[in-house]
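The values are calculated or read from the model by the stated rules, or taken from the named source; none is laboratory data. What you are looking at is a predicted structure, and each value in this text was computed from that prediction instead of being measured. All Cβ positions, even for glycine, are placed from backbone atoms using ideal geometry, and neighbour counts span all protein chains on display. The accessibility values were calculated without ligands, DNA or RNA, using every heavy atom of the protein model including side chains. Shrake-Rupley method; radii C 1.70, N 1.55, O 1.52, S 1.80 Å.
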Amino acid sequence: MLKKYAAVSVLACLLGAIPAIIVAQDAVAAKTLLTSVAKAMGAESLRTIQFSGMGSNSGIGQNINPKVAWPVVRVKTYIREMDFAATASHVQLVRVQGGTDQTQNEYISSDSPWDIQFEYWLSPFGFIKGAMANNASVKSETIAGSKYNVVTFTLQNKYKFVGFINDQNLVERIQTWIDNDVVGDMLVEAWYSQYKDFGGVKFPTMIVEKQAGFPVLILSVSDVKPNAAVNIQAPPAPAGTTTGTLSVQTEKVADGVFYLKGGTHHSVAVEFGDHIAVIEGPLNEQRSLAVIAEVKKLIPNTPIRYLVNTHHHFDHSGGLRTYVDEGATIVTHEINKEFYDKAFSAPRTLNPDRLARSQKKATVETVGDKKVLSDGTRTLELHLIKGNPHNDGILLAFLPKEKTLIEVDVYTPAAANAAAPPAAPAVNRNTTNLVENVERLKLDFEKILPLHGPGAVTRADLYAAIGKPVPDIMAILSAKPVQVVAASPGKQLLDTICTTCHNLNRVQAKHVNLADWQTIVERMKGKGAELSDDDTSTLLDYLVKTYGPDK
């Protein structure tokens, strides 16, 4: 009997040891593979690297509607230097937007916030060094007929990285997930291809990074300098960023109407008989909590029933979840419904917010062309700004009794003490479109509360911004309805599909015939532009009519 128990005990010990044995074997396999990868890529003696090129990048979460890619602009120069001993990186790029060069710098160090720092580890050599130092595991996978060694490791016991190593021992793709205020645990992927040898270091000459499935960087690398002399010194962080987010300055516009300013993004609270509507929940949970606390001071013992979301852009929707947790219904244009349904239910394991903890279900009400919120004494109108170049579903709010208009991103007045530009600025198409819409809707307003900018302005200020005299309001109210024409299907395809990888400058510079446009469009389809046969015909018809040889 004792022998039987002893045998069972030994067997249990052996079974218990198997997982540890497997882990140890896996660690050895991973180390062996990574050593081969480091040798193949020339990482063994790599201390620093500098590379440069050109391409395009995008504004995250700024697409014209939730179903199309984020807008891209041309990057005319891109230079990145990395110091692997210091876990440091510096990117300087020059992007062209609105015909103007814009220089941007991004610094990464070991104590940078994670939403910046992840980019260091997403690079091929950052990934290799991170995997070798953090107990990586490895397994084999076949994807689309190609075999890969898939290496996984975790940083800070939280952030997972997955790298796909091809049969040449080159890093072909890396995945990770970062926290996003709107979409939760957001997938980030980087593809590396067209490797070349630069002084014994294999480096990709084509880099594509995507976030939430949309391209954020497309880079053609032209030069690589292994072990270049680098000196990465980040400037001091700007002071007051957090203070600006949390600070709320209140201006009473009318009885029960409060303008809630602070930092870069503002909100408006409107009191009804037994509830409150807040217009705009921007940025993040911290900003929303600050605004909600101020609203409760101004209008005590009254629930926030509605949060009006002007449009889905991430800087204007990052605080919506806080209002859902507060019990508010989200009111937004119908084009955003599917997007928000997915976003509100997406996993949030990296940075659980209040809604993730409370698990309250979001209620979303939609606006078509118009929606009215009223309790019989106060009326708040919501209108679609039709034909707007900034966003297909952007709303304005209007308080008829108070003759007050509330808008964002379509007209942002300059600060009173702002220096005059050296030349007369071009008229903003969004502002012109706003004027067309308020005249079409026959809105009789005297005051505007912009949700960006220094503060309230007047109807006269709006017309001055487009260089027109203020028309008589009675003439507008008695005029025949104004038709705001939406963009044609061909123009919509050009603005959405064709801007996935580049801006429209290169399109607008061409004036060629149908055959040439067919060649260009087919080449773009070969590079991934998704166009059906019908869409291709529609786009070609628009291109020839708009950018033909005689145009």
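What the table shows:
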quantity: Computed label-point distance, nm, for sites residue 446 and residue 417 using a 7 Å Cα→Cβ extension; calculated: 2.9 nm
quantity: Segment 59-120 shape via C-alpha gyration tensor axes, a/c threshold 1.5; calculated: oblate
quantity: Extension gain from residue 477 to residue 100, taking 0.36 nm per residue of separation minus the Cα-Cα distance; calculated: 131.8 nm
quantity: Mean Kyte hydropathy of 1.6 or more with a Cα span along the axis of at least 30 Å, helices from DSSP in the chain; calculated: none
quantity: Furthest towards positive pole of dipole, 218, 262, 200, structure part segment 160-263, Cβ charges; calculated: 200
quantity: Among 236, 27, 156 the positive-end extreme of the charge dipole of the chain (Cβ point charges); calculated: 27
quantity: FRET E, pair residue 150, residue 296, Förster distance 51 Å, beta-carbon r, rounded to 0.05; calculated: 0.55
quantity: Reach of residue 551 by Cα under 15 Å, taken over aspartates and glutamates that are not fewer than 8 positions away in the same chain; calculated: 516, 541
quantity: Computed over segment 163-303, Kirkwood Rh from alpha-carbon pairs, angstrom; calculated: 19.7 Å
quantity: In Å, descending, principal axis extents of the Cα set of segment 370-421; calculated: 46, 26, 10
quantity: Simple spin-label estimate for residue 134 and residue 511 in nanometres, 7 Å along Cα-Cβ; calculated: 5.4 nm
quantity: Length added when fully stretched, residue 523-residue 229, from 0.36 nm per residue minus Cα-Cα; calculated: 101.9 nm
quantity: Rounded percent of accessible protein surface that carbon and sulfur make up, segment 205-295, 1.4 Å probe; calculated: 54 percent
quantity: Kirkwood hydrodynamic radius over Cα pairs of segment 252-337, then Stokes diffusion coefficient at 20 °C and 1.002 mPa s, in µm²/s; calculated: 169 µm²/s
quantity: Ordering of 439-449, 398-408 by burial proxy (mean other Cβ atoms within 10 Å per residue, highest first); calculated: 398-408, 439-449
quantity: Shape category assigned to segment 255-409 from the gyration tensor of Cα positions, a/c cut at 1.5; calculated: oblate
quantity: Residue 466-residue 76 pseudo-label distance in nm [points 7 Å out on the Cα-to-Cβ vector]; calculated: 3.1 nm
quantity: Accessible surface of residue 537 - all protein chains present, 1.4 Å probe, nearest 10 Å²; calculated: 70 Å²
quantity: Shape category assigned to segment 172-219 from the gyration tensor of Cα positions, a/c cut at 1.5; calculated: prolate
quantity: Segment residue 289-residue 338, length gained on full extension (0.36 nm per residue, minus Cα span); calculated: 15.1 nm
quantity: Accessible area (Å², 1.4 Å probe, nearest 10) - residue 202; calculated: 70 Å²
quantity: Links that overshoot a 19 Å alpha carbon limit, given the list 31/129; 158/361; 39/158; 261/342; calculated: 158/361; 39/158; 261/342
quantity: Proximal lysines to residue 480, defined as alpha-carbon separation beneath 25 angstrom and excluding residues fewer than eight positions away on the same chain; calculated: 370, 371, 386, 401, 403, 442, 447, 468
quantity: Net dipole in debye of the chain [+1 Lys, Arg Cβ; -1 Asp, Glu Cβ; about Cα centre; nearest 20]; calculated: 960 debye
quantity: Residue among 372, 359, 339 farthest towards the positive dipole end of segment 305-384, charges placed on Cβ; calculated: 359
quantity: Accessible surface, per residue, of segment 399-471 when the full set of protein chains is kept, probe 1.4 Å, Å²; calculated: 48 Å²
